[in-house]
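Asks: Have a look at this one.
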Amino acid sequence: MNPASDKISVALVDDHTLFRKGVVELINGFSGYYVCYEADNGKQLIEKVQQIQVPDIVLLDISMPVMDGYETAEWLKNNYADIKILALSMNDDEISIINMLRSGAIGYVLKDAEPKELYAAFEQISKEGFYHSAFVSQVLINNIHNESRLEKNSVHLNEREIEFMQHIATELTYREIADIMCLSPRTIDGYRESLFEKLQVKNRIGLVIYAIKNGIISIK
């Protein structure tokens with residue numbers, strides 16, 4: 001008999017081996033949980049899900065080579081909807097959290113969290129189907145408020161356009177913004193030209209002014 005048969009299975013996906021090994025040891029020490037396997041990226045996870053075992057929970061990093069957390073979560077949501085996805089990331093910005101939740105994650109834990117928070121996340125996910133820490137709840141509230149502001153305007157911006165707008169107020173070049181957003185420079189050029197037309201502005205300064213006026217970015 002498999003000694004882990006009565007435990008909840010967790011697949012861990014992270015491209016940092018040393019970190020991953022520490023998390024495996026941590027999870028295997030939790031009562032009622034065990035790591036069924038590890039993966040370096042989303043593509044490797046998919047292969048293991050299809051060939052080895054469908055885990056109960058996938059603990060998923062965001063920033064990974066080959067196939068990142070957003071794309072992986074989206075694939076799991078569309079192909080294995082019963083798998084519960086918990087994001088585990090260093091990214092504490094609103095865009096990363098909202099995008100991950102929209103991609104299919106039902107919880108989000110920061111990598112600098114205490115072990116007891118990860119265990120609490122597993123427990124809540126297993127019993128209630130989701131995990132929202134106080135931090136993530138505040139992000140969701142802020143996002144609702146931001147979307148409410150945008151709805152008051154006749155122009156609708158999608159989440160990637162909003163993310164782009166948040167970058168243009170920095171000193172980053174368009175090519176650097178493309179790298180951060182994991183898009184090609186040509187796609188970023190397309191965003192820029194589309195926003196010029198959609199918002200009726202002529203240059204980057206016009207985009208920044210619009211973003212400030214509509215609460216997309218704030219100047220401290």
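Asks: In region 94-102, is there at least one residue being touching a residue at least 24 places away in the same chain (Cβ under 8 Å) and exposed (fewer than 13 other Cβ atoms within 10 Å of the Cβ)?
Replies: No, region 94-102 contains no residue that is touching a residue at least 24 places away in the same chain (Cβ under 8 Å) and exposed (fewer than 13 other Cβ atoms within 10 Å of the Cβ).
Asks: Of all residues being aliphatic (A, V, I, L, M) and over 12 Å from L199 (Cβ atoms) in region 163-174, which is modelled with the highest pLDDT? Just the residue, please.
Replies: Filtering region 163-174 for residues that are aliphatic (A, V, I, L, M) and over 12 Å from L199 (Cβ atoms), the one modelled with the highest pLDDT comes out as L172.
Asks: Within region 11-62, work out how many residues are of a type in the set (G, A, S) and crowded, with 19+ Cβ neighbours inside 10 Å.
Replies: Total satisfying the criteria: 3.
Asks: Still on this model: Can you work out which of the residues in region 158-205 that are of a type in the set (D, E) and surrounded by 15 or more Cβ atoms within 10 Å (Cβ to Cβ) is nearest to M67 (Cα to Cα)?
Replies: E163
Asks: V49: modelled with pLDDT of 95 or more and assigned to a loop (DSSP other than H, G, I, E, B), yes or no?
Replies: Here the answer is no, as V49 does not meet what is asked.
The values are calculated or read from the model by the stated rules, or taken from the named source; none is laboratory data. Being a predicted model, the structure only gives us computed values, none of them experimental. Note that we place each Cβ from the backbone using ideal geometry, even for glycine, and neighbour counts take in every protein chain shown.
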